[in-house]
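Chemist: Structure provided below as structure tokens; questions to follow.
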Amino acid sequence: MKSAALLSLVAAAVAVPCTPNYPTTTIAGIEVVDTQIVRDALSLIKNSGLHDYVVKHQIRSWLFGAQQLNNNATLKSLVDPEAQAVTILLHDLGWDMSTDSPWTTKDNRFEVDSANGARNFVRGHPDGKKWSETKVQQMWDAIALQGAYGLASHKEPLVWGSIQGIAVDYRGAGVFGINQTIVDQVVAAYPNDDLLTGTNETFKWFCETKPDTTYDTWVEGWGTYFVPGYDATGHRQVDQFRTVF
Ligand SMILES: *[C@@H]1O[C@H](CO)[C@@H](O)[C@H](O)[C@H]1NC(C)=O
Ligand SMILES: *[C@@H]1O[C@H](CO)[C@@H](O)[C@H](O)[C@H]1NC(C)=O
Ligand SMILES: *[C@@H]1O[C@H](CO)[C@@H](O)[C@H](O)[C@H]1NC(C)=O
């Protein structure tokens, strides 16, 4: 009896996860969590070598992600909005094309550079040091899997709940519960006219400067279509299986 009661308590605790009540503020009409680590993540990207279009992309994506939680109480109970904010705000650190970038390496895919950068930021932050290892791990996974919807949509709520916000910035209103009113209001504050060109330039740069990190990934297409001399043939897993008759 006693252990049954205990078990049902444990089950209840697992079934109804609760996220802390964070202080909030409003940006572009969207209520967002307002804690020191979020403010610091924001100022990190604003004062970095990242191009303005990346900074704005990360901010808009955060606002969309926050609104998705505001729209859906169930989702809000499952996704820690502070961790979601930091995850989304730092998800493209590896897009830093400056020569002295603290994040971009020659050897890693940009998702790994970004995920490592975000993890170092959290682990080095006085408040981030209090994050559970699970939370840090899920942030890392979300950033690493940002382009792999087919995998990420089956991961933990923080993972998919972060990527959904980023997805809206590319796909626009009508997906993942964000309507045109919200998109218009966010884009008015943080214009997105440079998003596609900026992303395009960055992905071409990966294919030009560190092609080995792009073969057999979703970035490969930018090399194939747009970068003269780029050829993934021989570098893909399928090449091992080709038979020349
Ligand atoms: C709210 O979020 C939950 C958890 O992700 C999801 O199952 C549900 O479909 C969402 N509701 C709406 C209306 O989108
Ligand atoms: C758009 O979404 C917001 C937030 O969910 C909601 O308050 C608003 O009524 C919606 N607007 C329209 C036109 O559906
Ligand atoms: C991407 O770059 C290619 C090659 O430079 C160009 O043809 C294409 O129009 C660009 N697309 C965008 C959206 O900037």
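The values are calculated or read from the model by the stated rules, or taken from the named source; none is laboratory data. Just so it is clear, the model here is predicted, and its values are computed rather than measured. So basically every Cβ, Gly included, is an ideal-geometry build from the backbone, and we count neighbours across all protein chains shown. Heads up: the accessible areas ignore ligands, DNA and RNA and are worked out on the full protein's heavy atoms, side chains in. Shrake-Rupley method; radii C 1.70, N 1.55, O 1.52, S 1.80 Å.
Chemist: Counting only protein heavy atoms and using a 1.4 Å probe, what share of the accessible area of the chain belongs to carbon plus sulfur, as a whole percent?
Modeler: Roughly 56 percent of what the probe reaches on the chain is carbon or sulfur.
Chemist: Additional query: Hey, what did the chain get for relative contact order, percent, Cα under 8 Å, at least 6 apart?
Modeler: 19
Chemist: Taking a cut-off of 15 Å between Cα atoms, list the aspartates and glutamates near K210, but don't count ones fewer than 8 places away on the same chain.
Modeler: D96, D107, E111, D113, E201, E220, D231
Chemist: Straight-line reach from K76: which lysines fall under 28 Å, measuring Cα to Cα and dropping same-chain residues less than 8 apart?
Modeler: K46, K56, K129, K130, K135, K155
Chemist: Let me ask another. Starting from the Kirkwood radius over alpha-carbon pairs of segment 3-192, derive D by Stokes-Einstein at 25 °C in a medium of 0.890 mPa s and give it in µm² s⁻¹.
Modeler: In µm²/s, the coefficient rounds to 145.
Chemist: Starting from 0.36 nm per residue, how many nanometres of slack lie between E133 and N21 once their C-alpha separation is accounted for?
Modeler: Stretched out fully, the E133 to N21 stretch lengthens by 38.3 nm.
Chemist: For segment 84-167, just say rounded, prolate or oblate: build the C-alpha gyration tensor, square-root its eigenvalues into a ≥ b ≥ c, call rounded for a/c under 1.5, and beyond that prolate if a/b exceeds b/c, oblate if not.
Modeler: oblate
Chemist: Kindly state, to the nearest 0.05, the FRET efficiency for Y149 paired with F241, given R0 = 22 Å and r defined as their beta-carbon distance.
Modeler: About 0.30, to the nearest 0.05.
Chemist: Could you give the size of the charge dipole of segment 85-211 about its Cα centre, using +1 on the Cβ of each K and R and -1 on the Cβ of each D and E, expressed in debye and rounded to the nearest 20?
Modeler: 460
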